[in-house]
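Reviewing the structure listed below.
The values are calculated or read from the model by the stated rules, or taken from the named source; none is laboratory data. Please read all numbers here as calculations on a predicted model, not as lab measurements. Virtual Cβ from ideal backbone geometry, glycine too; neighbours counted across all protein chains shown. We work out accessible area using only protein heavy atoms, side chains counted, and drop any ligands, DNA or RNA first. Shrake-Rupley method; radii C 1.70, N 1.55, O 1.52, S 1.80 Å.
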Amino acid sequence: MALAKDYKSVMGRSNDIMKEALGLDYDEFEKGGTVFDYDALMKATNYTLDEIEKIQSRTGVGNTPLLELRNITALARKYAKPGYGARILVKDEAANASGSFKDRRAACAVAHAKKLGYKGVMAATSGNYGAAVASQAAMQGLECIIVQECYDSKGIGQPEIVEKARKCEALGAEVIQLTVGPELFYTFLSVLEDTGYFNASLYSPFGIAGVETLGYEIAVECREKYGKDPDMVVCTTAGGGMVTGTARGLLKAGCKNTQVVSASIDLTGLHMASDTQFNKKSCTTGHTGFGVPYATDPDHSDVPRSAARPLRYMDRYVTTTQGEVMYITEALANLEGLERGPAGNTALAAAFSLAQELPEDAILVVSETEYTGAGKHIQPQLDFARENGIEIRFGDPKDDKPGTNIILPADPGLIKCKDADLNHFRKSLIKKAVKKSGVAVADLKDADLNFLAEETKTDVDFVKKALEEL
């Protein structure tokens, strides 16, 4: 008997579809109330860090260079007070097989799919992860389908997303392109059910475990080159997988005092699911439109429980602007001879500002770079912005208004990241988690309080005070 394929029916079967497509029964990790066993979920991969490193090395992933940006460091020191201006280093993840750190996630997920006997893999992504999954599927002999949210209702696609579709197709994947809206997850589930493919989700434990090697390598290379652990690691943040996996890898390497900072482009005021606002943004990832919702509600992803849980690991959340990111992208090319894409440079723009807060002997590591290409380069992005009525000019980035203008800094000293209110995000997560659980605040148990403290990297007293505000 054929299953009903209308929206309500497919979405109602989502948990069963996911169970078949991941080989994981998420019900095993649920402990009642707000609580689930996150450590058990991560251990369910059954891969050690050494085993993941071996999986990645077989397909050209990992062991990427750690580069010191001497000229950008020197420029930052010109704007710092005497004795300040940390060394800025960058992990050159563009050296991976498909050109981004997402290869680490994809290598682990695709290898596991092959081990379990799936004939193909799928991923819902408009970003670099699609190319990473397509690349790994090609190398490991599996079929691949990528589902992309690409166009507005007029059929106009963003250059960066269209570029990534071309790359996926070049690597042998089938790409299903959709307009912005709620059909993305429905289409993904429906095709996943029809094909029986493996869900190579960004948010599965296999994907996050793959990023742990990045944090571990950063620690090892810093010790080898500089004789110390990094003082700060800055991660571009969207869905939270980068900061989660990198921080877990740093901890496994014994870096207990390294400050982990998340960085996103501030796109406050633009709604990511809005047809009219979809093409008003010039950077498609690494912005607050993903970073904030996924930090405060990580489980609204394509798996029942996301393994990317950024508030468990970040010590600070800062924002930068589109203009600052485009400026630092040009500076990286002009001063360091490295032409790289905008996503990783979100963290670099923040790092340029953050380095000025740290002493000269401190080590600040930007956790990634990414490849660039025809649609990902800043010039087509700026051209696309002009076509959509965005004003572009030099000035002070503090005058930036997402959806209205892009302000390129008139002087490098104007690049100043802003701190987001991390405690506000933590309280928001607590509120949403309790509401989803259906448990009254008065009925929460000690296990709930302890779990929420872990989720927010705080303590039980903080959780209790947040609950008093509900």
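Worth a mention:
- Shape class for the stretch 11-52: oblate, because the ratio a/c of the largest to smallest gyration tensor axis (alpha-carbon atoms, square roots of eigenvalues) is 1.5 or more and b/c is at least a/b.
- Quarter of the Cα convex hull surface for the stretch 171-312, i.e. its orientation-mean projected area (nm²): 10.4
- Given a 1.4 Å probe and the protein chains as shown, residue 87 ends up with an accessible area of around 90 Å².
- As a ratio to 2.2 N^0.38 Å, the alpha-carbon radius of gyration computed for the stretch 124-209 takes the value 1.05.
- Viscosity 1.306 mPa s, temperature 10 °C, Stokes-Einstein D of the stretch 291-379 from Kirkwood C-alpha radius, µm²/s: 106
- Backbone HN-Hα couplings from phi across the stretch 2-10 [Karplus 6.51/-1.76/1.60, Hz, Gly and Pro as x]: 5, 7, 5, 10, 6, 4, 4, 5, 5
- Rg ratio (alpha-carbon, reference 2.2 N^0.38 Å) - the stretch 15-131: 1.48
- Other-chain or far-sequence residues with amide H under 5 Å of residue 365's (modelled H): 89, 232, 233, 234
- The residues of the stretch 170-315 have, on average, 30 Å² of accessible surface per residue, using a 1.4 Å probe with all protein chains present.
- Remark: the stretch 325-380 carries 26 Å² of accessible area per residue (probe radius 1.4 Å; ligands, DNA and RNA excluded).
- Heavy-atom accessible surface of the chain: percent carbon and sulfur, 1.4 Å: 49
- Per DSSP, loop trypsin sites (Lys or Arg not before Pro) in the stretch 277-321 with at most 16 further Cβ within 10 Å: none
- Expressed per residue, the C-alpha convex hull volume of the stretch 234-275 stands at 64 Å³.
- Where Rh is the Kirkwood radius over Cα pairs, Rg/Rh for the stretch 244-320: 1.03
- Per-residue packing, averaged as other Cβ atoms within 10 Å, sorts the ranges 223-233, 333-343, 203-213 into the order 203-213, 333-343, 223-233, beginning with the highest.
- Karplus (6.51, -1.76, 1.60) ³J(HN,Hα), θ = phi - 60°, over the stretch 51-68, in Hz, Gly and Pro reported as x: 5, 5, 4, 5, 4, 5, 5, 6, 10, x, 10, x, 6, 7, x, 9, 9, 8
- The translational diffusion coefficient of the chain, from Stokes-Einstein at 4 °C and 1.567 mPa s with a Kirkwood hydrodynamic radius over alpha carbon pairs, comes to 58 µm²/s.
- Inter-label distance for residue 401 and residue 257, nm, one decimal - labels placed 7 Å from Cα along Cα-to-Cβ: 4.6
- Amide proton proximity set for residue 176, modelled H, under 5 Å, gap of 5+: 146, 147, 148
- A 1.4 Å probe run over the stretch 28-132, with the rest of the protein chains in place, finds 39 Å² accessible per residue.
- Per-residue Karplus couplings for the stretch 460-468, computed as 6.51 cos²θ - 1.76 cosθ + 1.60 with θ equal to phi - 60°, are listed in order as 4, 4, 4, 4, 4, 5, 5, 5, 5 Hz, Gly and Pro entered as x.
- Among the listed pairs 8/401; 81/376; 91/164; 225/427; 54/436; 115/431, a Cα-Cα separation exceeding 30 Å is found for 8/401; 81/376; 225/427; 54/436; 115/431.
- With both residues required to sit in the chain, DSSP beta bridges show an antiparallel share near 20%.
- Whole-Å semi-axes of the stretch 354-449's equivalent ellipsoid (Cα gyration tensor): 38, 22, 16
- Ranking by accessible area, most exposed first, for 5, 43 with a 1.4 Å probe: 43, 5
- Loop-located chymotrypsin sites (Phe, Trp or Tyr not before Pro) in the stretch 380-448, at most 10 other Cβ atoms within 10 Å (DSSP): none
- Approximating the spin labels as points 7 Å out from Cα along Cα→Cβ, the residue 360-to-residue 315 distance works out to 2.3 nm.
- Structural descriptor for the chain: relative contact order 19 percent, calculated from alpha carbon pairs under 8 angstrom and at least 6 residues apart.
- Prolate/oblate/rounded label for the stretch 426-470 (Cα gyration tensor, a/c 1.5): rounded
- Summarising the amide proton neighbourhood of residue 121: residues at separation of 5 or more, or on other chains, whose placed amide H is nearer than 5 Å comprise 143, 144, 145, 198.
- Spatially, the stretch 134-196 and the stretch 1-21 are offset by 20 Å when compared through their Cα centroids.
- Pairwise centroid distance, computed over Cα atoms, of the stretch 339-385 with the stretch 394-462, Å: 22
- Sparse packing (at most 16 other Cβ atoms within 10 Å of the Cβ) combined with a DSSP loop state is found for the following trypsin sites (Lys or Arg not before Pro) in the stretch 374-470: 445.
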